[in-house]
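**Q** Structure below; questions to follow.
Every read-out reported here was derived from the displayed coordinates using simple, explicitly stated rules and does not represent laboratory data. What you see is a predicted model; the values in this text were computed from it and never measured. All Cβ positions, even for glycine, are placed from backbone atoms using ideal geometry, and neighbour counts span all protein chains on display.
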Amino acid sequence: MFNFWHEPFLRIGLAVGLISGLLCSLIGFFVILKRVVFIGLAISQIAGLGVVLGLMVGINPYISSFILSVVISIFFWLYNTERDIPRDTVVAFIYLISAGLTTILIAKNPRVEIYGFNVAAGNLLYVTTGDLFVSLLGSVFVLLLFLYFFRALVFISYDRETALTSGIKGAFSDFLFYLMLGIIVSISMRISGLLFVFASLIIPPMTAFKIFTSVNRIIIGSLFISGISVISGFWLSYTFDLPTSPLIICIYGLFFVIGLVINKICIC
Amino acid sequence: MEKLLELEHAQLGYRKITVLNDVSLSINKGDFLGIIGPNGTGKTTFLKSVMGLLKLKKGKIIKHTDIKFGYCMQRDFLSNVFPFTVVEIVLMMRTRYSKPFHGYTNNDRQAAIRSLRYCGIEHLANSRFYNLSGGQQQRVLIARALSLEPDVLVLDEPTIDLDVKGKKEILYLILKLHREYQLTVLLASHELNQVINYADKFLFFADSRCFGIYHKKELSSEILSKIFGIDIEICHFNNKQLVIL
């Protein structure tokens, strides 16, 4: 039943998938709290463009994806919500342009054409130990930042103005959030694909919101849902020869339906 | 009276929008200042400018001492989706003092519980904020502001959407804090009738203009009618003032 565990490439794929899923679910709590869900999608798409550009010009896709994701994350951080064009509109614009460019580059360049499907759906089964190393390095950095600034991030995300009057440095906290989001998405996009990254940002925390009624439980519950979904998705993908990332997303969806039922029956 | 802060020929607003022009006034330690004006006349802009959340477009603000503001924003702006408990909400204000990688200290927890007790809601410490009534939520926000041990309590429409009993209880609580702790209070409201018997001084805004600060004793039907451009009468009854439109 668990033959897949004996395959080294699957073990690495599972480890990287778990790291990506858990990191996305962790930052996803703040993505929902700050109501910037579509910024998550736009950064994921930009990271995908970065991967394609990297493959096309022959530089490491991690580097190109990281640079583009962090640059666009900082742009969103700097973009003042009170400007003439609302931030939502700019987010949609960036998402659409980067999606269009990604499609054109994939269609017209044989070197990256083969990667076309992976940009959207990812390919967790073909990751390397190098990918694992990068994921581990990034996740340790993000985790330390997350734990160090957790309370300030919660306060600034929930009630920005009061947090500012209490002496919290709002601009710095926002910068850290967008930096973490950029790093997580760029790490995950290369191997997991747009759909997996966006789904992991949103669905596990959203499901945890339906089931649990305290902040700590929501975060832990979200990580648990993400972890179980990735592991079971890997196993089912190996067993039934199905694409891994889309399968994991379907399991996220299943958990959400279960969450809705639990929510109706009882609140934990 | 010891001056806390002064505004000199200040122009207040957001980006290209000027909300208030040429505001000059001073706020003293121990004042209970009611900031009165119809919706959209710049009360919140004024509060945010005083607290430093908005930069002045022109003029200057002079703070005579390092002021800690305990801010109670309009509770309607808070998301009711997140399942924070009352004590978690209050403890947020202690975040600045908490150490990274550590939980809140005993001092933080004691400050939070003390504030809740003072506001009469210690028994609700572990309740979910979104399950509380409007009046209880407002008390939580006041307790949160108090847990910072502020010099100035700043309240933006604290009685909005409350029933008559709720309004009276909240205003009485604020008055008690002002009297027992000599806390300086800045309270913005569009309901003069509600605030007139609680504040000592009043700052009026109407038609993008600041009409300056009036002491309670200076208020008259003529002054109010002139400021708001409609007939307003002030009556005295049992040592209290009534505003009749």
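**Q** Of the conditions (1) farther than 15 Å from B:V152 by Cα; (2) of a type in the set (V, I, T); (3) surrounded by 14 or more Cβ atoms within 10 Å (Cβ to Cβ), B:I67 clears all except one; give me its number.
**A** (1)
**Q** Within the range B:98-121, which residues are among the aromatic types (F, W, Y) and surrounded by 14 or more Cβ atoms within 10 Å (Cβ to Cβ)?
**A** Answer for the range B:98-121, where residues must be among the aromatic types (F, W, Y) and surrounded by 14 or more Cβ atoms within 10 Å (Cβ to Cβ): B:Y104, B:Y118.
**Q** Oh, and also: May I ask you to say which residue of B:L124, B:L56, B:L91, B:L47 is touching a strand residue (DSSP E or B) at 6+ places or on another chain (Cβ under 6 Å) and buried (at least 19 other Cβ atoms within 10 Å of the Cβ)?
**A** B:L47
**Q** Residues that are of a type in the set (S, T, N, Q) and touching a residue at least 60 places away in the same chain (Cβ under 8 Å): find the helices (runs of 4 or more DSSP H) completely inside the range A:153-268 holding 1 or more of those.
**A** Passing ranges, in order: A:170-192, A:194-211, A:215-240, A:244-265.
**Q** I've got another one for you. Can you pull out the helices (runs of 4 or more DSSP H) entirely within the range B:113-205 that have at least 3 residues that are touching a helix residue (DSSP H, G or I) at 6+ places or on another chain (Cβ under 9 Å) and among the aliphatic types (A, V, I, L, M)?
**A** B:134-146, B:164-181
**Q** Could you please find all residues in the range B:9-22 being more than 26 Å from B:V243 (Cα to Cα) and surrounded by 15 or more Cβ atoms within 10 Å (Cβ to Cβ)?
**A** B:A10, B:Q11, B:L12, B:G13, B:T18, B:V19, B:N21
**Q** Right, next: Given (1) surrounded by fewer than 21 Cβ atoms within 10 Å (Cβ to Cβ); (2) in contact (Cβ under 8 Å) with a residue 24 or more places away in the chain; (3) not in a helix (DSSP H, G or I), where does B:Y214 come up short, assuming only one miss?
**A** Condition not satisfied by B:Y214: (2).
**Q** Please state which one of B:L20, B:L54 is at negative phi and within 14 Å of chain A (Cβ to nearest Cβ).
**A** When all the criteria are applied, what remains is B:L54.
**Q** Let me ask another. Only one of these conditions is not met by B:G34: (1) buried (at least 21 other Cβ atoms within 10 Å of the Cβ); (2) part of a helix (DSSP H, G or I). Which number is it?
**A** (2)
**Q** Here is a further query. So is A:S64 surrounded by 20 or more Cβ atoms within 10 Å (Cβ to Cβ), of a type in the set (S, T, N, Q) and in contact (Cβ under 8 Å) with a residue 40 or more places away in the chain or not?
**A** So A:S64 fails the test.
**Q** Out of the range B:57-107, which residues are closer than 21 Å to A:K34 by Cβ and more than 9 Å from every other protein chain (Cβ to nearest Cβ)?
**A** Scanning the range B:57-107 gives B:Q74, B:R75, B:D76, B:N80.
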